[in-house]
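Accompanying notes for the structure given below.
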Amino acid sequence: MSKSEELVSISMMRELLNIQKETILSFFRESLFSINEKFENFQSSFQEVRRELNEMKSGLNFVGDVFNDKARAVEEKINKVHDDLSNVRKMQGKISSDNIELKLRSVDIEDRNRRNNLRIDGIVENSEEKDWEITKKRVKQLFKDNLGIEKDIIIERAHRVGATNDKRERTIVLKLRDYEDKKTIMERAVKLKGTNIFLNEDFSFTTRKIRKELFDQAKIHCQNGYFAKAVYNKLIVHEFRENTRNTDVNPTCVNE
């Protein structure tokens, strides 16, 4: 092979190599461009997904905040309702306590207003007693004949109470001017024993109801051999003593 031919062969080879080089470079460029483009697309997609995730997170946080706010509001309302109920119960308890105290005061005031009063049961009623003065005279006669009281006791008023009943004599309620006269009468009331006439202090309806229950209890204690006596709205019970006097007509009891 001549030198000229060798030069041509080398030149062609170089040209082929250059072509091959350019082809390979072009392939790599296109591949790299494609890869870059795909990476950019992926990166863009990733950013979009990330943005959407952030939006979802923000939305969830917002919903969570709203839920928490509403939950706190509901809890505050529930606590307020509990506090209000507690206050209402305390108020009801105070009102109930005040009401009881008011009733007790009312009963006490009424009993004080009746301090000089007496109640007499068992005096036969007649048609002439429509006038208070007639009733006063009959009561004074009872004090003189049965209790031995000669003093002219001043009775401010004396009258029957309740509806007329053929089966039972109506109670006489009387008011004395002097409390000391009442004490004297009560001390001698034991002389009425066996006469079917009963003389007692006058109290309010509430106190009379309490005393009735006390009298029932007193009877039981008496049957068991104890001394029992109702004093206002209390019951005194102790062992019988010989010097115990029966100064309350009914149902104070002593061992007979």
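Computed values, structure above
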read-out	value
Degrees separating the helix 205-223 axis from the principal Cα axis of the chain, which is the longest one	70
In Hz, Karplus ³J(HN,Hα) per residue of the stretch 134-145 (6.51, -1.76, 1.60; θ = phi - 60°; x = Gly, Pro)	5, 5, 4, 4, 5, 5, 4, 5, 4, 4, 6, 6
Helix-derived mean residue ellipticity, 222 nm - over the chain, DSSP H n ≥ 4, -39500 (n - 2.57), to 500	-22500 deg cm²/dmol
Counting all C-alpha pairs of the stretch 11-111, share separated by more than 20 Å (%)	76
Potential lengthening between ARG208 and LEU85 on full extension [0.36 nm per residue; Cα-Cα distance subtracted]	40.4 nm
Simple label model, 7 Å out from Cα along Cβ direction - MET12 to ASN61, nm	7.2
Given the chain, longest segment not containing exposed loop chymotrypsin sites (Phe, Trp or Tyr not before Pro) (DSSP; at most 16 other Cβ within 10 Å)	1-231
Nearest-20 debye value, the chain charge dipole, Cβ charges on Lys, Arg, Asp, Glu	2060
Along the chain, longest interval not containing exposed trypsin sites (Lys or Arg not before Pro), exposed being DSSP loop plus at most 15 other Cβ atoms within 10 Å	1-114
Directionally averaged projected area (convex hull, Cα atoms, the chain), nm²	35.6
Karplus 3J(HN,Hα) series, Hz, for the stretch 177-186 with 6.51 cos²θ - 1.76 cosθ + 1.60 (x for Gly, Pro)	6, 10, 5, 5, 5, 4, 4, 4, 4, 5
Dipole-positive endmost among ILE100, VAL124, ALA158 within the chain (Cβ charges, Cα centre)	VAL124
Pairwise label distance in nanometres, ILE95 with ASP178, each label 7 Å out on the Cα-Cβ vector	5.0
Helix 3-113 vs. the chain, principal-axis angle (Cα, 0 to 90°, nearest 10)	0
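The numbers here are math on the coordinates, done by the rules we state, and not lab data. Source: prediction; values computed, not measured. Here the Cβ is made from the backbone with ideal geometry for all residues, glycine too, and neighbour counts use every protein chain on show.
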